[in-house]
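**Student:** Supplied in C-alpha cells, the structure appears directly below.
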Amino acid sequence: METHPQDLTLPLPSPSSVDRLYPTLTPDQVARIAAHGRRRPLETSEVLIQPGEPTARLFVVISGRIDVIRPSAGAETVVATFGPGTFTGEVNMLSGRRSLAQLRGGASGEVIEIDRDQLLALLQTDGDLSAIFMRAFILRRVELITRGVSDVVVLGSTHCQGTLRVREFLTRNGHPHTMLDLDHDAGVQELLDRFHVAAADIPVVITCGEVVLRNPTNQQIADTLGFNEAIDRTQVRDLIIVGGGPAGLAAAVYGASEGLDVLVVESTAPGGQAGASSRIENYLGFPTGIAGIELAARATNQAQKFGAQLMVGNGARRLACERRPYAVEIGDGQRLPARAVIIATGAEYRRLPIDGLPRFEGAGVYYAATFMEAQLCAGDDVVVVGAGNSAGQAAVFLAQAARRVHMVIRSAGLADTMSRYLIRRIEDHPAIVRHVHAEIVSLEGNGHLERVAWRDSQDGRVETHGIRHVFSMTGAVPSTRWLNACLALDAKGFIKTGPDLSPEDLATARWPLARAPHLLETSLPGVFAIGDVRAGSLKRVASAVGEGSIAIAAVHQVLHE
Ligand SMILES: Cc1cc2nc3c(=O)[nH]c(=O)nc-3n(C[C@H](O)[C@H](O)[C@H](O)COP(=O)(O)OP(=O)(O)OC[C@H]3O[C@@H](n4cnc5c(N)ncnc54)[C@H](O)[C@@H]3O)c2cc1C
C-alpha cells in the first residue's frame, strides 16, 4: 500500500514549519477576523463539520479546542488539534469542495465562525492574513496527502493504463488517495471480494468506504467526489475560460482579482501541458526551476483565492455562438452562459507512438529546442524527429552545439513545406545526417534516455544508437475541434486573432462592429483566444501567461461596450 506525499512537491512539514502549518494569530488579527464572522459557543463533542460535507465554514478558536478526526471504519484518529488563537481549514476552503475529515469540539469554549464567502473577501483585502491563511491551507493539504488522510482508495495495477489515468486525475487535482496494487499488496483480493468486483474491472475507485466505481471516467470521479458541486451552473457569468493550462489560469487570476465573475472549465485537471512537465526552468522568477504540478497548484489556489471557480473533469463540447450571451456546452449537455469567453484549450504535441515514452519526457525527450536544451546536449549526438519547418529549425540550431544531429524522417525526404533556406542549410551542414524512411521504434534508459533505436521502413533493418537526446518535432494539434465553425481558424486549425484576421475572415464571420477585433479577440466579438491554441503563439509557459493577462484588459472593454 502506498500514499503519495511526493505528488504535490511542496516541502513536507519539519518541526520548524509547524508554526506555518498551525500558526497562532495575534489578538489584533483575531479581532480583524471577528469583524467578518460571528462569535459563538463551542461544546465538547459538538460536530462542526462532517466528512463529505461541502467546506463552507472556518473556525478560529478563542477558547477551548477543536479536533480534526480522520474518518475510519475502526478506531478514530485525531489528525490535528486547534487551540486558542489557531484556525481550522485547508485548501477546500478556497474551492468549496467537500471536507476530508470531521471537525469536532475537543473542549468547550468559544469560536469565531466565518463562512467561505466572507473569508475569501477578507483574504482579498487583508494581505497579512492572506499570507498566513494561504500558506497554512496549502501546507495542510500536503500534510493530509502525506498522512494518507483520504476518502479514496484506488485498486489497480502499475501496469494498467487506466490506473495511471485515474491516479493522475486525482493527483493533478490535489486529491489525496491510497493506492492498492493488485500485483503487490496483500489483502487486495479480500477487498475485491467484499465489493463484488473482479480483477478485470480495474481500476476500481472506492470512496467513503462504500461507493464503488469500476474503471470510471474522469467526470464520474469528479461527480462522485463532488469536485464541482459548489458551482452554480445557471448564472450568467462575466467570463468563462475554457482550458485551465497556464494561459487559462493566468486569465482566471487576473480576471477574478480585477472583480470579474470567472469560471474556468477544464476537461481534466488544472495545469495543462505545463502541469505534466517535470521541471520548467525558463519561467521568470524560478531560478532553480519549478515542477509543472507545483506551478499549477499554486496558480489554482491563487485564482480561487480571488474568487474564480474551477470546474474539472468536464470538457467543453460546443460553443453556442449564435447570440449573446454566449454559452459553453459541457460534457453532460448543460449550457453555461457568459458575456465573454476566453478559449485557452492549448494544443497537443504529437507524441511518438512508443511504449514508456512518458518516462523520458523531460529526461531525454523534448518538444522544444531552446538554448536550455542545446546546453544539455553540447558535444553529444542528438535525434530530431520530423521533416517540417520546426524540425528543420531545431536541427540547424542544435547542430551548433551537438556533435551530430540525426534527422529521423518517416517519408522520403524533407517536407515540401520546409523553407528553402533551411533545406540548403541542412544539406550543407557537415554535422546533420538525414535518415529517410526511418521511424523510432524504441527508447531505453534508466531514469534518463540512454539508447534510441530506429527502423528503416524499406528494408526493415533496426539500428540502435547510444543517444541521450531526442527532439520530437512532429507538430502540435490544436484543441479546437469542439468549436464547430464558430471562429476563423488557420489552415492547421489554430484560432486566428486580432491583426491576423484578414478582411475576408471578418467578412465571412459577419463581424458586426465598427471597430476592429482587439489584439487577442477572435472573429466573434467578446470571444478571445490565448496561449498555444492561438495561431502564431510562441508555445511557451511565459507567453501563455502573458496572453492571459493581456486578454483580461480587452474583456473589460468588451463588457463595457
Ligand atoms: C513535456 C512538455 C514540457 C514543456 N516544457 C516547457 C518548458 O520547460 N518551458 C516552457 O516555456 N514551455 C514548456 N512546454 C510548453 C508549455 O507547456 C505550453 O506552451 C503551455 O502549457 C501552453 O499553455 P496553454 O494554457 O496555452 O495550453 P495547455 O497547457 O495545453 O493547456 C490547455 C488546457 O486546456 C484543456 N482543454 C483542452 N480542450 C478542452 C476542452 N474542450 N474543454 C475544457 N478544457 C480543455 C486541457 O486539458 C489543458 O489543461 C512544455 C510542453 C510539454 C508537452
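The values are calculated or read from the model by the stated rules, or taken from the named source; none is laboratory data. Since this is a predicted model, take the numbers as computed values, not measurements. Note: ideal-geometry Cβ built from the backbone for every residue, glycine included; neighbour counts use all protein chains shown.
**Student:** Restricting the search to segment 439-454, which residues are in contact with a His (Cβ under 9 Å, 6 or more places away or on another chain) and free of Cβ contacts under 8 Å to residues at least 40 places away in the same chain? Even if it seems obvious, please write down each step before you answer.
**Tutor:** Filtering segment 439-454 for residues in contact with a His (Cβ under 9 Å, 6 or more places away or on another chain) gives 449, 451-454.
Of everything in segment 439-454, those that are in contact with a His (Cβ under 9 Å, 6 or more places away or on another chain) and free of Cβ contacts under 8 Å to residues at least 40 places away in the same chain turn out to be R451, A453.
**Student:** Does G392 satisfy the criteria of being in contact (Cβ under 8 Å) with a residue 12 or more places away in the chain, away from the ligand (no atom under 16 Å from the Cβ) and surrounded by 23 or more Cβ atoms within 10 Å (Cβ to Cβ)?
**Tutor:** Yes: the conditions hold for G392.
**Student:** Determine whether R194 is under 30 Å from L25 (Cβ atoms), surrounded by fewer than 20 Cβ atoms within 10 Å (Cβ to Cβ) and among the charged types (D, E, K, R).
**Tutor:** no
**Student:** Name the one entry in L192, L155, L144, L164 that is aliphatic (A, V, I, L, M) and over 24 Å from V312 (Cβ atoms). It would help to see each step written out before you state the result.
**Tutor:** Values: L155 fails: over 24 Å from V312 (Cβ atoms); L144 fails: over 24 Å from V312 (Cβ atoms); L164 fails: over 24 Å from V312 (Cβ atoms).
None of the others qualify; the one that does is L192.
**Student:** Now for a separate question. How many residues are touching a helix residue (DSSP H, G or I) at 6+ places or on another chain (Cβ under 7 Å) and away from the ligand (no atom under 11 Å from the Cβ) when one looks only at segment 542-561? Break it down stepwise before answering.
**Tutor:** Step one: list which residues in segment 542-561 are touching a helix residue (DSSP H, G or I) at 6+ places or on another chain (Cβ under 7 Å), which gives 544-545, 547-549, 551-552, 555.
Among the residues that remain, those that are also away from the ligand (no atom under 11 Å from the Cβ) are: 549, 551-552, 555.
Qualifying residue count, segment 542-561: 4.
**Student:** Any residue in segment 167-192 that is among the small types (G, A, S) sitting within a Cβ distance under 8 Å of a residue that is at pLDDT 85 or above and surrounded by 17 or more Cβ atoms within 10 Å (Cβ to Cβ)? List the pairs, counting only those 6 or more apart or interchain.
**Tutor:** Qualifying pairs under 8 Å: G174/V91; G174/R141; G174/A297; G174/T300; G187/L180.
**Student:** Right, next: Would you check which residues across segment 270-285 are more than 6 Å from the ligand (Cβ to nearest atom) and touching a Leu at 6+ places or on another chain (Cβ under 9 Å) and list them?
**Tutor:** Hits for segment 270-285 are P270, G271, G275, Y283.
**Student:** With the structure loaded, tell me whether A378 is assigned to a loop (DSSP other than H, G, I, E, B), at pLDDT below 95 and away from the ligand (no atom under 16 Å from the Cβ) or whether it fails that test.
**Tutor:** Values: assigned to a loop (DSSP other than H, G, I, E, B): yes; at pLDDT below 95: yes; away from the ligand (no atom under 16 Å from the Cβ): yes.
The answer is yes for A378.
**Student:** Here is a follow-up. Just one of T464, T417, T480 is touching a helix residue (DSSP H, G or I) at 6+ places or on another chain (Cβ under 8 Å), surrounded by fewer than 16 Cβ atoms within 10 Å (Cβ to Cβ) and among the β-branched types (V, I, T); which is it?
**Tutor:** After ruling out the rest, the residue left standing is T417.
**Student:** Also, quick follow-up: Which count do you get for residues in segment 201-237 that are modelled with pLDDT of 95 or more, surrounded by fewer than 20 Cβ atoms within 10 Å (Cβ to Cβ) and in a strand (DSSP E or B)?
**Tutor:** The number of residues fulfilling the criteria is 0.
**Student:** Next up: Could you list, in sequence order, all residues of segment 493-512 that are touching a residue at least 24 places away in the same chain (Cβ under 8 Å) and surrounded by fewer than 21 Cβ atoms within 10 Å (Cβ to Cβ)? Working first, answer last.
**Tutor:** Pass one, segment 493-512, residues touching a residue at least 24 places away in the same chain (Cβ under 8 Å): 494-497, 500.
Matches in segment 493-512: D500 only.
**Student:** Can you pull out the residues in segment 238-282 that are at positive phi and in contact with a strand residue (DSSP E or B) (Cβ under 9 Å, 6 or more places away or on another chain)?
**Tutor:** Filtering segment 238-282 down to residues at positive phi leaves 243, 259, 271-272.
Those that are at positive phi and in contact with a strand residue (DSSP E or B) (Cβ under 9 Å, 6 or more places away or on another chain): G243, G259, G272.
**Student:** Next question. For R424, which of the numbered conditions (1) of a type in the set (K, R); (2) without any contact (Cβ under 8 Å) to a residue 60 or more places away in the chain; (3) surrounded by 15 or more Cβ atoms within 10 Å (Cβ to Cβ) fails to hold?
**Tutor:** Unmet for R424, out of (1) of a type in the set (K, R); (2) without any contact (Cβ under 8 Å) to a residue 60 or more places away in the chain; (3) surrounded by 15 or more Cβ atoms within 10 Å (Cβ to Cβ): (3).
**Student:** A follow-up question, please. Just need a number here: residues in segment 283-320 that are modelled with pLDDT of 95 or more and more than 20 Å from the chain's Cα centre (by Cα).
**Tutor:** Counting residues in segment 283-320 that are modelled with pLDDT of 95 or more and more than 20 Å from the chain's Cα centre (by Cα) gives 3.
**Student:** Please determine whether any residue of segment 347-358 is under 27 Å from S277 (Cα atoms), in contact with a His (Cβ under 9 Å, 6 or more places away or on another chain), within 16 Å of the ligand (Cβ to nearest atom) and assigned to a helix (DSSP H, G or I). Can you show your working first?
**Tutor:** Step one: of segment 347-358, the residues under 27 Å from S277 (Cα atoms) are 347-358.
Next, from what is left, pick out any that are in contact with a His (Cβ under 9 Å, 6 or more places away or on another chain): none.
No, there is no match, as no residue in segment 347-358 is under 27 Å from S277 (Cα atoms), in contact with a His (Cβ under 9 Å, 6 or more places away or on another chain), within 16 Å of the ligand (Cβ to nearest atom) and assigned to a helix (DSSP H, G or I).
**Student:** Quick one: how many residues across segment 498-541 are among the hydroxyl-bearing types (S, T, Y), within 16 Å of the ligand (Cβ to nearest atom) and over 11 Å from L487 (Cβ atoms)?
**Tutor:** Adding up the residues that qualify gives 1.
**Student:** Among the residues of segment 260-282, what is the count of those that are more than 9 Å from the chain's Cα centre (by Cα) and at pLDDT 90 or above?
**Tutor:** Of the residues in that region, 7 qualify.
**Student:** Within segment 321-366, how many residues turn out to be in contact with a helix residue (DSSP H, G or I) (Cβ under 8 Å, 6 or more places away or on another chain), modelled with pLDDT under 90 and surrounded by 15 or more Cβ atoms within 10 Å (Cβ to Cβ)?
**Tutor:** Residues that pass the stated criteria total 3.
**Student:** I need the full set of residues from segment 75-101 which are surrounded by fewer than 20 Cβ atoms within 10 Å (Cβ to Cβ) and not in a loop (DSSP other than H, G, I, E, B), in order please.
**Tutor:** Passing the criteria: T77, V78, V79, T81.
**Student:** Output the number of the condition that F195 fails; it satisfies all remaining conditions of (1) over 27 Å from Q304 (Cβ atoms); (2) in contact with a Leu (Cβ under 7 Å, 6 or more places away or on another chain); (3) of a type in the set (F, W, Y).
**Tutor:** (2)
**Student:** Determine whether segment 241-259 contains at least one residue that is modelled with pLDDT of 95 or more, among the β-branched types (V, I, T) and closer than 23 Å to T480 by Cβ.
**Tutor:** Yes; the residues of segment 241-259 include at least one that is modelled with pLDDT of 95 or more, among the β-branched types (V, I, T) and closer than 23 Å to T480 by Cβ.
**Student:** Test H435 against the stated conditions and say whether it is surrounded by fewer than 21 Cβ atoms within 10 Å (Cβ to Cβ) and touching a His at 6+ places or on another chain (Cβ under 8 Å).
**Tutor:** Considered against the rule, which asks whether it is surrounded by fewer than 21 Cβ atoms within 10 Å (Cβ to Cβ) and touching a His at 6+ places or on another chain (Cβ under 8 Å), H435 comes out as yes.
**Student:** Do you know which residues across segment 476-518 are under 30 Å from Y366 (Cβ atoms), assigned to a loop (DSSP other than H, G, I, E, B) and among the aliphatic types (A, V, I, L, M)?
**Tutor:** Result: A491, single match.
**Student:** Could you list all residues from segment 246-265 that are under 21 Å from R97 (Cβ atoms), in contact with an Asp or Glu (Cβ under 8 Å, 6 or more places away or on another chain) and either assigned to a loop (DSSP other than H, G, I, E, B) or away from the ligand (no atom under 16 Å from the Cβ) (or both)?
**Tutor:** Listed by number, the list holds a single entry, D261.
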